[in-house]
Amino acid sequence: MKERIEELEALFEKALSEATDAAALENLRVEYLGKKGHVAELMKGLRDAQDKKAAGQLINVFKCGVESRIEEATEAMKQAQINARIRNAKKYNPTLAREREFGSYHPITLATREVEDVFISMGFTIENYNEIVDDYQCFEALNIPKHHPARDMQDTYYLDNGQLLKTHTSAAQNYIMKKYGAPLRAIFPGRCFRNESTDACHENTFFQMEGMMIDENISISNLIYFMKTMLSEVFKRDVKVRLRPGFFPFVEPGFELDINCEICGGEGCPSCKNSGWLELCPCGMIHPNVLREGGIDTEKYTGFAFGLGLTRLAMMKYGVKDIRDFNSGNLKSLSQFKSI
Ligand code: FA5
C-alpha cells in the first residue's frame, strides 16, 4: 500500500506540474478523488491491508494532500490569470494629456491675427459687429438706396423679419462712425455671406476685414501707405499688386487692389479665374454721403476705407489653391497650419 501511494504521489505531482488550465486540474481531481479514482481504488484495497488503521491514515493523508494541492493550484492559476489581465490592460498614463495632439488655429484665424497686429501697431482699434444686420446698415447707410444696381452684386440670405446676413464688413461702418465719431482708426473683421455660386476663389461664406481711418487731411496717399504697409508686413516678402479704378457707391474715388496670383505666379489658374490677378482689397475715400450719415462733419474730416478679403488673403499667404478647403472641415489639411 505504502509503495502504491508513493507511486501515485509521484504521478500526481508530475501531472499537476503539467496542468496548464482549469480543465486539466478538474481532470486530475476526477482521476484521483472521483468515484472511480485512485483514492477510491486505494480504499477498496484497504480490505486486504494487514494494518488497516495505518493504511487508512496513509490513504487519508494522501487524499488530503491531493485535495489541498489541487486547491492551491486552482488558486495560483486564478491569480496568474488576474495578473496577466492587469499586465495586458492599457496602463493609465498620467502624462497622456500632454502627449495628445492639440488642436490648431484655423488659417483664417492666423491670417486675421497677423493683419490685426499690423493695424494695432499703427494705432487702430479692433471692433466686432453682428452677422445679422438690417437693410439700412448693409446698404442704405452706405449710399446704396433701394433698387440701386450695386445691390445686384451682393445678393444674400434674408430672414423672415426683413433682416439679412451681412454681405460685407462695410455694414458696420455707420455703427462705428456713430459710436466713436471723428477722428477714428478702426478695423473690423467679420464673416460675410453671399448668395452666389462657389468656385476656387468664391465662397458663399467668407471673411473680410474692414478698415476705416477718419481724420483731418486724410488723402489717397494715406490710404496707399497703409495698404502697402499691411501687405508687406503680412506677406513678409515682395508681392506684386496693382491698383485700378473700382466702383463702390460708398467711396469716391474707389479702387480695386489686386494681388498677383501667388498660386500660379500670374500665369493664370483656377484660383485666379485664369486672369493672373485676384481681387483682394477694394478701397477708396469714404463718400461724403456716408460720412454725413454717420454723423461726421464733412467740412472738417475726410477718411479712407478698405474691405480686405481675408479668406483670399489666407489663400495667397498659405498657397491654398481652392478657397472651399477653408470651410471643408478637413482636419488633415487644416491641422498643418498649427506650426505657422
Ligand atoms: C466689398 O465687399 C466692399 N464692401 C469693399 C470695400 C470696402 C470697398 C470699403 C471700398 C471701401 P467686394 O464685393 O469686392 O467689395 O469684396 C471685397 C473683397 O472680399 C474682394 O476683393 C474679395 O477679396 C473678397 N470677396 C468678395 N466676394 C467673395 C467671395 N464670394 N468669396 C471670397 N471672397 C470674396
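The values are calculated or read from the model by the stated rules, or taken from the named source; none is laboratory data. These numbers come from a predicted model, not from an experiment. Here the Cβ is made from the backbone with ideal geometry for all residues, glycine too, and neighbour counts use every protein chain on show. For accessibility, only protein heavy atoms count, side chains too; no ligands or nucleic acids. Shrake-Rupley method; radii C 1.70, N 1.55, O 1.52, S 1.80 Å.
Please flag any cysteine in the chain that has no other cysteine's Cβ under 4.7 angstrom from its own Cβ.
Cys64, Cys138, Cys192, Cys201, Cys281, Cys283
In sequence order, what are the phi-derived ³J(HN,Hα) couplings for the stretch 9-18 according to the Karplus relation 6.51 cos²θ - 1.76 cosθ + 1.60 with θ = phi - 60°, rounded to whole Hz, with x for glycine and proline?
Whole-Hz 3J(HN,Hα) from phi for the stretch 9-18: 4, 5, 4, 4, 4, 5, 4, 5, 5, 8.
Counting only C-alpha contacts under 8 Å and six or more residues apart, can you give the relative contact order of the chain as a whole percent?
Details: 516 pairs, mean separation 54.1, N = 340.
After rounding, I find 16 percent.
For the stretch 245-315, list log₁₀ I(q)/I(0) at each q in 0.18, 0.19, 0.21 Å⁻¹, using the Debye formula over Cα point scatterers of equal strength and ignoring solvent, two decimals each.
-0.71, -0.75, -0.83
May I ask you to give the solvent-accessible area per residue for the chain, in square angstrom, as obtained with a 1.4 angstrom probe?
Normalised by residue count, the accessible surface of the chain is 57 Å².
From the protein chains alone at 1.4 Å, what is the descending order of accessible area for Leu231, Leu58, largest first?
Leu58, Leu231
Roughly how many debye, to the nearest 20, is the charge dipole of the chain about its Cα centre, given +1 on each Lys and Arg Cβ, -1 on each Asp and Glu Cβ, and no other charges?
Charge dipole, the chain, about its Cα centre: 1060 debye, nearest 20.
Angle between the Cα long axis of helix 52-88 and the longest principal axis of the chain, 0 to 90 degrees, nearest 10?
10 degrees
For the stretch 107-339, take the alpha-carbon Rg, divide it by the Kirkwood Rh, and send me Rg/Rh.
Numbers: Rg = 17.2 Å, Rh = 18.1 Å.
Ratio of gyration radius to Kirkwood radius: 0.95.
Could you work out what % of the accessible surface of the chain is carbon and sulfur, using a 1.4 angstrom probe and leaving DNA, RNA and ligands out of the count?
51 percent
With a 10 Å radius around each residue's Cβ, average the other Cβ atoms per peptide and rank 163-175, 284-296, highest first.
Descending mean neighbour count gives 163-175, 284-296.
Across the stretch 107-339, how many lysine pairs, 8 or more apart or on two chains, come within less than 22 Å at their alpha-carbon atoms?
So the count of such lysine pairs works out to 20.
Please report Rg (one decimal) and Dmax (integer) in Å for the Cα set of the stretch 2-88.
In Å, with Rg to one decimal and Dmax whole: 15.4, 57.
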